[in-house]
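The values are calculated or read from the model by the stated rules, or taken from the named source; none is laboratory data. Keep in mind it's a predicted model, so treat the numbers as computed, not measured. Here the Cβ positions follow ideal geometry from the backbone for every residue, glycine too, while neighbour counts run over all protein chains shown.
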Amino acid sequence: MEIYAHRGFSGKYPENTMLAFQKAYDVGVDGIELDVQMTKDGEIVVIHDERIDRTTNGIGYVKDFLYKQLRLFDAGSWFHDCFARQRIPALREVLEWVQNVDKKIMINIELKNNVIDYPHLEEKLLKMIEQFQLEKQVILSSFNIRSMGKVRQLHPTIHIGTLFAGVNESAIQSTKLVNAQAIHGDLSFVLSSEGKEAATQGMKLRVYTVNDAKVVPLLRNAKVSALMTDFPNELMAERCET
Ligand code: G3P
Ligand code: CA
């Protein structure tokens, strides 16, 4: 089973920062999950919320700032004073880092466009992924199924994971509709009959967010191919055990 660091090594470092990504890489993860929003001037940036209030010392919507303004905020002190130098990364910065590290890792980019529909986010993302030649190392996911359909129209093969919260009876149908390769679901979904059916039909199953190693045997039994965790250091130890 593959281990993905959810928002980087977010259990120990401020989520969605370069530090959290580097630390996840250092413990040997197979992949990193991160979230993207878009600034006023169209820069794709790595941050979970539509607003910057929770994870920076600023206030307001990402969409209302220029990228150079966003970079001034401290994206680490909310987690601990010692991380005050962390900034909101631009996605291009992360992709450049992925391109340059020794070990190939996967990057799961979650488009956070289910609340704000960022104009041309899909086109911009695909163009950037192509620029960095990372088509084989990227998974795009979103709760916004229409957006995933748009990605598929724009790119015939890029790996897509449709995202669902809880058990959703239309998950398989929606996933087929957008020709996605995977379903990203929570524990209740992957252990449900829908989850089992998706795996039987050849869809990859990835589960979020698992921080308890005790559930790993259940996940293995449910044919889950990857788990996303805030504590990749702890879950890495479980992945090879039978
Ligand atoms: O991509 C899976 C998971 O990250 C979705 O939930 O809120 O942590 O982005 P959230
Ligand atoms: Ca996410």
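Among the residues of the stretch 168-195, those identified as surrounded by 15 or more Cβ atoms within 10 Å (Cβ to Cβ), assigned to a loop (DSSP other than H, G, I, E, B) and modelled with pLDDT of 95 or more are Val178, Ala180, Gln181, Asp186, Leu191, Ser192.
Counting the residues of the stretch 189-223 that are small (Gly, Ala, Ser) and within 19 Å of the chain's Cα centre (by Cα) gives 0.
For the condition within 16 Å of ligand 2 (Cβ to nearest atom) and acidic (Asp, Glu), Glu33 qualifies.
Can you tell me which of Leu121, Leu126, Leu163, Leu154 is under 18 Å from His48 (Cα atoms), more than 14 Å from ligand 1 (Cβ to nearest atom) and of a type in the set (A, V, I, L, M, F, W, C)?
None of the other options fit; the residue is Leu121.
Could you tell me whether any residue of the stretch 27-50 is buried (at least 19 other Cβ atoms within 10 Å of the Cβ), among the β-branched types (Val, Ile, Thr), over 18 Å from the mean Cα position of the chain (by Cα) and not in a strand (DSSP E or B)? Scanning the stretch 27-50 turns up at least one residue that is buried (at least 19 other Cβ atoms within 10 Å of the Cβ), among the β-branched types (Val, Ile, Thr), over 18 Å from the mean Cα position of the chain (by Cα) and not in a strand (DSSP E or B).
If you take the residues in the stretch 10-23 that are within 14 Å of ligand 1 (Cβ to nearest atom) and not acidic (Asp, Glu), which one is nearest to Ala213 (Cα to Cα)? Checking each candidate, the answer is Gly11. Residues in the stretch 26-65 that are within 18 Å of Pro14 (Cα to Cα) and of a type in the set (Ser, Thr, Tyr) were compared, and the one that is nearest to ligand 1 (Cβ to nearest atom) is Thr55. Kindly check whether there is at least one residue in the stretch 40-60 that is in contact with a strand residue (DSSP E or B) (Cβ under 8 Å, 6 or more places away or on another chain) and hydroxyl-bearing (Ser, Thr, Tyr). No: zero hits. Pairs are defined by a Cβ separation below 8 Å, a sequence spacing of at least 6 or placement on different chains, a first member in the stretch 40-53 that is closer than 14 Å to Leu91 by Cα, and a second member that is of a type in the set (A, V, I, L, M) and within 12 Å of ligand 1 (Cβ to nearest atom); the pairs so defined are Ile44/Val36; Val45/Val36; Val46/Leu34; Val46/Val36; Ile47/Val36.
All told, Gly185 falls short of being within 16 Å of ligand 1 (Cβ to nearest atom) and over 26 Å from Ser10 (Cα atoms).
Within the stretch 195-223, if we keep just the residues that are touching a Phe, Trp or Tyr at 6+ places or on another chain (Cβ under 9 Å), in contact (Cβ under 8 Å) with a residue 60 or more places away in the chain and not aromatic (Phe, Trp, Tyr), the residue that is nearest to Glu2 (Cα to Cα) turns out to be Arg206.
Taking the criterion of being of a type in the set (D, E, K, R) and free of Cβ contacts under 8 Å to residues at least 40 places away in the same chain, the residues of the stretch 116-143 that qualify are Asp117, Glu122, Glu123, Lys127, Glu130, Glu135, Lys136. Taking the criterion of being polar (S, T, N, Q), over 22 Å from Phe65 (Cβ atoms) and either at pLDDT below 95 or surrounded by 18 or more Cβ atoms within 10 Å (Cβ to Cβ) (or both), the only residue of the stretch 94-136 that qualifies is Asn108. Ala90 meets the stated requirement of being in contact with a helix residue (DSSP H, G or I) (Cβ under 9 Å, 6 or more places away or on another chain) and either in contact (Cβ under 8 Å) with a residue 40 or more places away in the chain or farther than 26 Å from Met228 by Cβ (or both). Taken over the stretch 8-26, residues that are more than 19 Å from Arg71 (Cα to Cα), in a loop (DSSP other than H, G, I, E, B) and aromatic (Phe, Trp, Tyr) amount to 1.
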